[in-house]
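Everything on this sheet refers to the single structure shown next.
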Amino acid sequence: MMNSEILVAKLFWKAAFKNKGVFLLTFFIGLLMVYAAYSGRKNFKTQNEIRAKYQSEARKDWVDNPNKHPHRMAHYGHFAFRPKAPLSVFDFGMESFLGNTIFLEAHKQNTVNFSEASFSTGMLRFGEISIAMILQVLLPLLIFFLGFGAIATERQNGTLKMLLIQGLKWRTLILGKSMGIIAVIMTLFIPIVLTTIFLCTGFQDMNTSTDELLRLFFIIVFYFIYLVIFCVIAVLISAISKTSKTSLVSLIGIWLMFIIIIPRISQALGASIYSIPSKAKFESAIGEAIAKVGDSHNPDDPHYKALKDSLLAVYNVDSVKQLPFNYSGYQMKEGEKISTNIYNQHYSQLLDIYYKQNVFSRVISFLNPFMAVKNLSMALSSTDFSSFLNFQKQAENYRYDLAQEMNNLQIKHISNEAKGSSDKNHILDKKHWEEVEEFKYKPTSISLVFKSEWMSFAAFLFWIGLLVFLIHKFSKTLKAI
């Protein structure tokens, strides 16, 4: 039975490559693929070299600081740079729009800055040519160009009726034509897969981790399914169209809906339903919340005055100068804990809004396989918003530990006789700066991708089930005329 489908597929393959337009389109997309691979490799190499260089210089600047009061070191701060993931060479995702550098200092959680988009012209908003973009956008268009006449042309020429009279089943015809388009598309997909594997493993001298290999495997699997979905859609639309012209117009309409209209509408709707506060309003709310609790730099602040009185009572002394540790450092440590909790609460509320927007987008992927593969592709390439948040969280943990380590040094080594952090008679030897652990970003595990993108996986299963159902239904109801 399967031999009939293979025969139909072979005939489609031969007919497709007799068309010069197919050759030209395939050649054009192949050229774009070469450019995307080259630009992705160059961007990955350049950006990671720059970020590694400045991360190293930031560490050197920190260690080279002279003898100093530890609280001045906490305010001197440090920088954390987000390295690009190896698979970002395949899918740029949100890389160019999210920042890659964050300044870490005491008392304050700064935002991640220096995105590539902030240094580029407005042309970046029209998108970047990546290997993923070619697979997501251009190959479906090529599939529709290949498939619009798959059955509609047979109907127009009158050969469809003859094929059915000779005993060819509708199911065989639909599956065979779909397999034929898939075979043609594989002439581009297989080189793209091999190029991606070479680029991703070559960067690491073939020392690619199991996690990265799994990500690569699932990227290949899901893009294959994605392209198969478009192949079947093209044949089904061709099968129900009276003419090839009607089929072509319908398929271009579907392509526009999937690739441009639905993503833009869902993005606008998500942002409208779950609106986020402005940056000024967000930062103002944090400032007001911290002011209500207390200012750790103000010795007369009610909260910290109560803290001081309780310590004096516990140690049974009359003055902070009689305490067995540096009171100012203790006060700063308490202030850091309070301000960090307030920042985390407000950021948690903000992230909850972003989470709802992303869930809204994932729900829409049940209507649009493009959005499902886009979300999965970015997550598997570590170029999605979750990967960015993971970096931000690690940087914040590092900032908090660094600030508290400086406060602990102050508590332990600085005398209560010091008049403040500017008192040059009470400073700490620079050897302590080397004791601070260097910032090292740890990529997320693929298990988090399965957890965060389960809805996109489900959307793929939904589309597979829907198309199987439609093939079964159309095989029984379609007519030759």
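The values are calculated or read from the model by the stated rules, or taken from the named source; none is laboratory data. Not measured: the values here are computed from a predicted model. Cβ: placed from backbone, ideal geometry, glycine included. Neighbour counts: every protein chain shown. Surface accessibility is based on the protein's heavy atoms, side chains included, excluding ligands, DNA and RNA. Shrake-Rupley method; radii C 1.70, N 1.55, O 1.52, S 1.80 Å.
See the values below:
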quantity: Helices (runs of 4 or more DSSP H) completely within the range 201-304 that count 2 or more residues being of a type in the set (A, V, I, L, M, F, W, C), closer than 28 Å to LEU380 by Cβ and open to solvent by 20 Å² or more (accessible area, probe 1.4 Å); calculated: 210-240, 244-256, 262-273
quantity: Looking only at the range 360-370, and only at residues there that are among the aliphatic types (A, V, I, L, M) and open to solvent by 40 Å² or more (accessible area, probe 1.4 Å), the one that is farthest from the chain's Cα centre (by Cα); calculated: LEU367
quantity: Scan of the range 164-200 for residues that are part of a helix (DSSP H, G or I) and among the polar types (S, T, N, Q), ordered by number; calculated: THR172, SER178, THR187, THR195, THR196
quantity: Elements of type helices (runs of 4 or more DSSP H) contained in the range 1-119, each with 1 or more residues being under 27 Å from PHE198 (Cβ atoms), in contact with a strand residue (DSSP E or B) (Cβ under 9 Å, 6 or more places away or on another chain) and open to solvent by less than 30 Å² (accessible area, probe 1.4 Å); calculated: 20-63
quantity: Test: ILE197 is at pLDDT 90 or above, surrounded by fewer than 22 Cβ atoms within 10 Å (Cβ to Cβ) and closer than 30 Å to ASN48 by Cβ; calculated: no
quantity: Number of positions in the range 154-196 that are over 23 Å from LYS18 (Cβ atoms) and hydrophobic (A, V, I, L, M, F, W, C); calculated: 6
quantity: Close pairs from the range 17-44: first closer than 21 Å to LEU146 by Cβ and in contact (Cβ under 8 Å) with a residue 60 or more places away in the chain, partner open to solvent by less than 30 Å² (accessible area, probe 1.4 Å) and of a type in the set (Asp, Glu), Cβ under 8 Å, at least 6 apart; calculated: none
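So that you can scan it fast, the table gives a plain yes or no per residue for (1) within 23 Å of SER178 (Cα to Cα); (2) in contact with an Asp or Glu (Cβ under 8 Å, 6 or more places away or on another chain); (3) not acidic (Asp, Glu):
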position	(1), (2), (3)
SER4	yes, no, yes
ALA9	yes, no, yes
PHE12	yes, no, yes
LEU24	yes, no, yes
TYR38	no, no, yes
LYS53	no, no, yes
ASP61	no, no, no
